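Trainee: Here you go, one structure.
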Amino acid sequence: MKFLIFLGSARDSTPPRPARLGLRVSRACEYFFNLDHEEHSVEIIDPLDYELGPAFKPHFSYAKSRVPKDLQALSEKIQAAHGYVMVSPEYNHSMSPALSHLLNHFGSSLFSYKPSTIVTYSAGQWGGTRAAMGMRSFLSELGCLPVSAMIHIPHAQQVFNEEGRVPEGVDEAQWQGYFSRALNQMLWWALAAKKQSEGVNPNELSKVFTKNPSQRNAP
Ligand SMILES: Cc1cc2nc3c(=O)[nH]c(=O)nc-3n(C[C@H](O)[C@H](O)[C@H](O)COP(=O)(O)O)c2cc1C
């Protein structure tokens, strides 16, 4: 199965130092997931690799033949994936704007009926826990329900080096255990969702709106 790790920082300047802790944390997610699960694939989605255009225009607002190639490529990756690891720093006690902006470009139908894992971090002591609270409702609305276990990393610059590995003096096994708990919850739900979707088409059972979101309204 395929999993995407969304790197929730597009910050390529300093201060604050160090720059883009999110890259280390995303690489750590990739490393720990691969340690346990060679049979599945993971890919880091870096917002700096995608040209989103100056004005906000989501994937679903383009005529099919005119979707910019970056947006189309990412939409196909999202659709093909079986689960998502959402990595976010805490900016002013909230989820990263780079992550919400990137995700807002795609409709929930691409993410729906697949699980996600919330991963937050900070340079300080709280590990992004306050950002994580808002992510629960955001990801639920997107349809990729977050599993109950979350990963929070305080002082991420001391826990992971630029390659996403723990430096000397940090207990890798403890961090592996911590990551595994949340990532394996996601994997369990992804396996279950895949099996169930093969038997029952979720969009047949719970009809999607065809013309207007108001079709979902209470009578
Ligand atoms: C605009 C901004 C707001 C921030 N707000 C918080 C915050 O509310 N809580 C926190 O623990 N750290 C906060 N920080 C510090 C970040 O934890 C730290 O800069 C981290 O490296 C950001 O992740 P990034 O390097 O991947 O962008 C903030 C940083 C920035 C740039």
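Trainee: Nearest 0.05, what FRET efficiency do ASN34 and VAL208 give at R0 = 35 Å with Cβ-Cβ as r?
Mentor: Computed FRET efficiency for ASN34 and VAL208: 0.50.
Trainee: Build a GNM of the chain with springs between Cα atoms under 10 Å: which of TYR62, TYR50, TYR84 gets the top mean-square fluctuation?
Mentor: TYR62
Trainee: Given an 8 Å cut-off on Cα distances and at least 6 residues of separation, report the relative contact order of the range 41-112 as a percent.
Mentor: It comes to 41 percent, rounded to a whole number.
Trainee: Same structure, new question: Just flag the GluC sites (Glu not before Pro) in the range 34-114 sitting in loop per DSSP whose Cβ has no more than 16 other Cβ atoms within 10 Å.
Mentor: Working: sites: GLU38, GLU39, GLU43, GLU51, GLU76, GLU90; in loops: GLU38, GLU39, GLU51, GLU90.
Hits after loop and neighbour filter: GLU38, GLU39, GLU51.
Trainee: What distance in nm separates the simple spin-label points at GLN174 and ALA192, each placed 7 Å from Cα in the Cβ direction?
Mentor: Placing both labels 7 Å along Cα→Cβ, they lie 3.1 nm apart.
Trainee: Could you calculate the FRET efficiency of GLN158 with ASN184 from 1/(1 + (r/R0)^6), where r is the beta carbon distance between them and R0 is 25 Å, rounded to 0.05?
Mentor: Once rounded, the FRET efficiency stands at 0.50.
Trainee: Pick from PRO115, PRO68, PRO89: which residue has the top mean-square fluctuation in a GNM of the chain where Cα pairs under 10 Å get a spring?
Mentor: PRO68
Trainee: For the chain, modelled as a Gaussian network with Cα springs under 10 Å, which listed residue fluctuates most, THR120, THR129, THR14?
Mentor: THR14
Trainee: If only Cα atoms are counted, what is the Rg of the chain, and what is its Dmax, in Å?
Mentor: 17.6, 61
Since every read-out is calculated from the coordinates, none of them should be taken as a lab result. All values reported here derive from a predicted model rather than from experimental measurement. FYI the Cβ positions are ideal-geometry reconstructions off the backbone, even for glycines, and counts take in every protein chain you see.
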